[in-house]
1. Given the options Leu401, Leu138, Leu254, state which has the largest fluctuation in a GNM of the chain using a 10 Å cut-off (strictly under) for Cα springs.
2. Within a Cβ distance under 10 Å of Thr264, other residues only, what is the Lys/Arg minus Asp/Glu net charge?
3. Whole angstrom only: what separates the Cα centroid of the stretch 380-404 from the Cα centroid of the stretch 246-277?
4. Nearest 0.05, what FRET efficiency do Ala39 and Phe418 give at R0 = 35 Å with Cβ-Cβ as r?
5. Picking from Asn320, Phe284, Ala377, whose Cα lies most toward the positive end of the charge dipole for the stretch 284-398 (charges on Cβ: Lys, Arg +1; Asp, Glu -1)?
6. Can you give the net charge of the other residues whose Cβ lies under 14 Å from the Cβ of Leu4, counting K and R as +1 and D and E as -1?
7. Net charge near Asp114: determine it from the other residues with C-beta under 14 Å of the C-beta of Asp114, scoring Lys and Arg +1 and Asp and Glu -1.
8. Considering only the stretch 199-348, what is the antiparallel percent among its DSSP beta bridges, to the nearest 5?
Amino acid sequence: MTMLNDTHDPKRRSWVAAANSADCDFPIQNLPFGVFVRAGSAGQGGVAIGDQIVDLSAAMALFSGNALLAATAAAGPTLNKLMALGNAPASALRARLSDLLREGGPDDLRRIADRALVPMADVTMVLPAHTGAFTDFLTSSYHTERGGRVSRPDSPLPPCFKYLPVAYNSRASSLRASGANIVRPNGQWKHPDGQVRFGPSEALDFELEVGLFIGPGNDVGAPVPMSQVQDRMFGYCLLNDWSARDIQAWESALGPFLSKSLSTSISPWVITGEALAPFRAPAFPRAPDDPQPLPYLADAGDQASGHFDIVLEAFIRTPNMRAAGQPASRVTLTNFQHNYWTFAQMATHHMSNGCNLEPGDLLGSGTASGPTDDSRACLSEATERGKMPLVLNNGETRGWLRDGDEVIFTGRASRAGFVSIGFGVCAGMVEAAVAWPQ
Ligand code: MN
């Protein structure tokens, strides 16, 4: 586990003024990596600070040693090479940038700020990595129980749920960075009238999740034990696993397929495990009669601090709200700690059969629902499969998402004695389905 160091010092402030406001997601204690695009240019690696981005290419002369190794690997159109290096080079770059960006530090970066700092408002953020494979887990017992009560009222959790982190192989090609619209899927399902038809989903939903980017991979046939998995875990983002519930209910003879592969949105900034170190938390407290993790998923350090205390929120902004200039309506307030398994257990389990993970691969945590009604982290739970529509703050109701609705996620980690850090937003708007037949 990452130890705390000078980069976490709560007294450290930046000469980038916006980084010092209490509600800023990107104070000097965060320094997440991302890929930005200027109009007409290719993607470039950068680091967020306040409302600015450090352009790593423009600042390259200020780095040496491991920090230079990391900055070189991160400067291109994806962060895969940086992720492949493991956490130590990224940590060296973080330490150097923290020093260059702090009040009272060396002024080398400040002197070239006019070309090495790029206002976020002037660029578009794109996917931070090329993701070869995306796996989505199902690790909140609260989410799984609410869903399972429909089909298995007596035993809503699958028998394996408390023994292994359940997952399915999802689709990497349809990952989208925050801001991209999501096209409502056409699909096949059994309608309430008993007929099986093909058409636009009538039960489009979001799932509020946290994503993990894999760092150095493993070879096929060479699993990585819990004791070594931390350095295979690079960083974290917010993730919206858009889900068409009508298609999902009909097709899932072998797990979900087209109901999930339509698109998945992620927030574009990769928050490193080091930035999140102050916000580590114990693994989910298992009930006395729950099974203990089998030895290959058990690790004392992971049990003590393998989880993260991250407040997660989901908002819906309808076309009417946009037209009237009203704020988005919050529909979920939850915490990542509600998930039953840690990311270290998910990654270890994923590799345990010899399956290889590669730098830039993405793991979704599963819908991060908690025990209370306001912490239900998808509409299927919050509206009891559309039957009990939510009332939004402008009086509109929603059972499922409508065309033009925007879904916005935020995430924030806080702890007394530390500076709070945020994830930025993961947002996407629903577009009307493609007309069919073509
Ligand atoms: Mn999901």
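Any read-out appearing in this document is the output of simple, stated calculations on the displayed coordinates, not a laboratory observation. Computed from a predicted model, the values in this text were never measured in an experiment. Here the Cβ is made from the backbone with ideal geometry for all residues, glycine too, and neighbour counts use every protein chain on show.
1. It is Leu254.
2. Result for the local shell: -1.
3. Here the answer is 21 Å between Cα centres.
4. On the way: r = 37 Å, r/R0 = 1.06.
After rounding, the FRET efficiency stands at 0.40.
5. Result: Asn320.
6. On the way: positive: Lys11, Arg12, Arg94, Arg280, Arg415; negative: Asp6, Asp9, Glu274.
That works out to +2.
7. -1
8. Details: 21 of 22 bridges.
Antiparallel bridges make up about 95 percent of those DSSP assigns within the stretch 199-348.
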